[in-house]
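Before any comments, here is the structure.
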Amino acid sequence: MHRLIDGYKRFRDGNWPERRQLMQTLAVEGQSPTALVVACADSRVDPTMIFDAAPGELFVVRNVANLVPPFAPDAAYHGTSAALEFGIRVLQIPELVVLGHANCGGIKALMHGAPDAASDFVGPWISIAAPVRKAVLECYEPQDWQTRAEQETVRLSVRNLMTFPWIAERVENRSLHIRGAHFGIYTGVLTLLGEDGSFAPA
């Protein structure tokens with residue numbers, strides 16, 4: 001906790017004076033983000049850093065392996081779907097990005113099994129991407145599994161977004177655009193999912 005408090009003090013002494021007016025404006029006028037980003041919870045992949053975004057610009061949803069589940073309005077708990085609903089239906093955000101990344105632990109668990117200590121929730125959660133595991137094992141060599149599965153998971157999440165009727169409607173009338181992306185932690189390279197289904201550097 002001491003490290004966090006020290007960071008807060010640096011923020012108050014350095015960043016806060018510069019951003020005080022912006023934050024107070026956001027507090028009074030509310031938020032109007034330009035993009036909703038579904039990203040991984042991995043501590044090495046911060047969408048606001050990658051996109052050099054200021055407070056109020058990105059509405060970020062983070063979970064293990066940047067997964068979007070299919071539309072399922074039932075009595076279960078749906079944190080990612082709830083965030084999507086708020087961002088798209090309430091805030092009417094016009095851009096939606098699924099951001100995968102290299103060296104993803106969630107994807108490693110998908111391909112090789114979740115650690116015993118993460119079997120209560122991680123295992124069932126990443127089962128959303130079970131079709132990805134099957135496809136990658138059938139089509140690629142072991143040395144390619146990780147990267148291919150990371151990319152395929154982005155594609156799967158993009159497809160699952162379209163099962164939400166209020167997302168599909170907005171995509172159809174062009175008030176919402178969906179993008180897929182993948183970030184290399186070691187290289188710093190961002191690749192984007194193209195209409196042909198391949199990833200190319202931004």
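Which residues, counting only those in the stretch 128-137, are surrounded by fewer than 18 Cβ atoms within 10 Å (Cβ to Cβ) and at pLDDT 95 or above?
Ala130, Pro131
I'd like to check which helices (runs of 4 or more DSSP H) are fully inside the stretch 1-65 and have at least 1 residues that are more than 29 Å from His182 (Cα to Cα) and either at pLDDT below 95 or among the basic types (Lys, Arg) (or both).
It comes to 2-10, 16-29.
Would you be able to tell me the number of residues in the stretch 61-73 that are out of contact with any Phe, Trp or Tyr (no Cβ under 9 Å at 6 or more places or on another chain), buried (at least 19 other Cβ atoms within 10 Å of the Cβ) and of a type in the set (A, V, I, L, M, F, W, C)?
Matching residues across the stretch 61-73 total 1.
List pairs: first residue in the stretch 158-187 and assigned by TED's automatic domain parsing to the domain that holds Val45 and more than 15 Å from Ala72 (Cβ to Cβ), second residue of a type in the set (Gly, Ala, Ser) and in a helix (DSSP H, G or I) anywhere in the structure, Cβ distance under 8 angstrom, at least six positions apart or on different chains.
From residues that are assigned by TED's automatic domain parsing to the domain that holds Val45 and more than 15 Å from Ala72 (Cβ to Cβ), the pairs are Gly180/Ser157.
Got at least one residue in the stretch 129-148 being assigned by TED's automatic domain parsing to the domain that holds Gly79 and under 18 Å from Gly79 (Cβ atoms)?
The answer is yes, given that some residue of the stretch 129-148 is assigned by TED's automatic domain parsing to the domain that holds Gly79 and under 18 Å from Gly79 (Cβ atoms).
Looking at Arg170, Arg174, which is the one that is part of a loop (DSSP other than H, G, I, E, B) and either of a type outside the set (S, T, N, Q) or surrounded by 21 or more Cβ atoms within 10 Å (Cβ to Cβ) (or both)?
Arg174
Given the criteria in contact with a Gly (Cβ under 6 Å, 6 or more places away or on another chain), β-branched (Val, Ile, Thr) and more than 30 Å from Ala27 (Cβ to Cβ), does Val98 qualify?
no
Report yes if some residue within the stretch 66-76 is closer than 24 Å to Ala202 by Cα, touching a strand residue (DSSP E or B) at 6+ places or on another chain (Cβ under 7 Å) and assigned by TED's automatic domain parsing to the domain that holds Ile178; otherwise report no.
Yes, the stretch 66-76 contains a residue that is closer than 24 Å to Ala202 by Cα, touching a strand residue (DSSP E or B) at 6+ places or on another chain (Cβ under 7 Å) and assigned by TED's automatic domain parsing to the domain that holds Ile178.
For Thr34, only one of the following conditions fails: (1) polar (S, T, N, Q); (2) without any contact (Cβ under 8 Å) to a residue 24 or more places away in the chain; (3) under 27 Å from His101 (Cα atoms). What is its number?
For Thr34, the exception is condition (2).
What are the residues in the stretch 124-167 that are closer than 14 Å to Ala109 by Cα and among the small types (Gly, Ala, Ser), if any?
Listed by number, the residues that qualify are Ser127, Ala129, Ala130, Ala149.
What's the number of the only condition in (1) among the β-branched types (Val, Ile, Thr); (2) touching a helix residue (DSSP H, G or I) at 6+ places or on another chain (Cβ under 7 Å); (3) surrounded by 19 or more Cβ atoms within 10 Å (Cβ to Cβ) that Thr147 fails to meet?
(2)
Are there any pairs, at least 6 apart or on different chains, whose C-beta atoms fall under 6 Å, with the first in the stretch 11-30 and not assigned by TED's automatic domain parsing to the domain that holds Leu58 and the second small (Gly, Ala, Ser) and at pLDDT 95 or above, and if so, which?
Going by the 6 Å Cβ cut-off, the qualifying pairs are Leu26/Gly56.
Which one of the conditions (1) touching an Asp or Glu at 6+ places or on another chain (Cβ under 9 Å); (2) buried (at least 21 other Cβ atoms within 10 Å of the Cβ); (3) part of a helix (DSSP H, G or I) does His182 fail to meet, given that it meets all the rest?
(3)
Just give me the residues in the stretch 92-110 being surrounded by fewer than 19 Cβ atoms within 10 Å (Cβ to Cβ) and touching a Leu at 6+ places or on another chain (Cβ under 8 Å), in sequence order.
If the condition is that a residue be surrounded by fewer than 19 Cβ atoms within 10 Å (Cβ to Cβ) and touching a Leu at 6+ places or on another chain (Cβ under 8 Å), then Pro94, Glu95 are the ones that fit.
The values are calculated or read from the model by the stated rules, or taken from the named source; none is laboratory data. Everything quoted here is computed from the prediction, not taken from an experiment. Virtual Cβ from ideal backbone geometry, glycine too; neighbours counted across all protein chains shown.
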